[in-house]
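Q: Have a look at this one.
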Amino acid sequence: MKHLMLAAAALIALPGAVAAQDTPPEAAAATAADSDGMGEAMAKLRGMFPAEPLTAEQQARLPAAERLIARIIPEGTMAEMIDKMMGGLLGPIMELGPDGAATTIARQIGVESYALDLDEAKAGELASLFDPAWQERQKREAALFPEMMRDMMATMEPTMRKAMSELYAIRFTDSELAEIDGFFATTTGTKYARESFLMASDPRVASASMEAMPAMMGMIGDMEQRMTERTADLPAARSFDALSAAEQAKVAELTGYSIDEIRQSIAMRQSDDAALDAMATAAEQPDE
């Protein structure tokens, strides 16, 4: 469930990276103290998207921009958007995620659910062994997910509104802001502001994206081929197994990982790569 939440949040949270620039230092410090290293990670992410401070002229336009954004992104818009997304865009995606007894078993033994080859009866038996209430637990987790996503959007909305206000103050003049505001003050403008956000979560958008997926996956394969050709004249990189015992020991010493740990990590990476290759191959196959 946690991994699905992170994946879903990633689909909708990227625009918040700009807004994250405005987190007060004291808030960042509190986050760092409370989240066991998460604050430091967030600070690094914010550093990836540096934002210049507003000029005096832009600052003077900010109140007008804020009034305009209040029309474009009225309070509750993003929460409503996630409600629509859960029903239209994210709902089917969530249904594709691992569920049922296999999820419970995988969680308890530390493997991915797709690695389990169990029929429904055996899976149910093992899941009940670990967690007699696994069905009710999953039901409650599934019901909680939309609520938590809605809360996340409600939390993000003020920072998004602030960032968008600054962008409008930067990119538009006083007269342009007034003209835009005039449009959004109309009935049509109000409807456009509301629907433009909600249309992004329409199933048609998701369907169009899925339609393009085989071609996109094919481009990834083509990219790998082009990268191979582009670097063909370079000496091949050495694998860990190709290193001498002394070189392997040096890698272990400098990285702080034992040779066994490194080999385990390599095996896991190869397994993940194989799974991704299988997904790419499946995406390229025509529907029967």
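Q: Extension gain F130-A154, at 0.36 nm per residue separation less the Cα-Cα distance, in nm?
A: Values: separation 24, 0.36 × 24 = 8.64 nm, distance 3.59 nm.
Between F130 and A154, full extension yields 5.1 nm more.
Q: Also: Please turn the phi angles of the range 60-71 into ³J(HN,Hα) values with the Karplus equation 6.51 cos²θ - 1.76 cosθ + 1.60 (θ = phi - 60°), one per residue in order, whole Hz, x for glycine and proline.
A: Those phi angles translate into 5, 7, 4, x, 5, 5, 5, 5, 5, 5, 4, 7 Hz.
Q: Can you pull the three principal axis extents for the Cα set of the range 242-283, in Å, largest first?
A: Computed over the Cα atoms, the extents are 43, 18, 13 Å.
Q: Assuming R0 = 35 Å, can you tell me the calculated FRET efficiency for the pair A56 and S196, based on Cβ-Cβ distance, to the nearest 0.05?
A: It comes out at approximately 0.65.
Q: Using the Karplus equation 6.51 cos²θ - 1.76 cosθ + 1.60 (θ = phi - 60°), what ³J(HN,Hα) coupling, rounded to whole Hz, does each residue of the range 39-54 give in order, writing x for Gly and Pro?
A: Each residue's phi maps through the Karplus curve to give x, 5, 5, 5, 5, 5, 5, 4, x, 6, 10, x, 10, 6, x, 5 Hz.
Q: Just tell me which aspartates and glutamates come within less than 20 Å, Cα to Cα, of K44; anything on the same chain fewer than 8 places away is out.
A: Once the sequence-local aspartates and glutamates are set aside, what remains near K44 is D22, E26, D34, D36, E52.
Q: Further question: Report the label-to-label distance for E141 and L276 in nanometres (one decimal), using points 7 Å from each Cα along the Cα→Cβ vector.
A: Here the modelled spin labels are 2.5 nm apart.
Q: If I stretch the segment between R226 and S244 completely, what's the gain in nm (0.36 nm per residue apart, minus their alpha carbon distance), one decimal?
A: That works out to 3.4 nm of additional length.
Values in this text are rule-based calculations from the coordinates and carry no lab data. Since this is a predicted model, take the numbers as computed values, not measurements. Cβ: placed from backbone, ideal geometry, glycine included. Neighbour counts: every protein chain shown.
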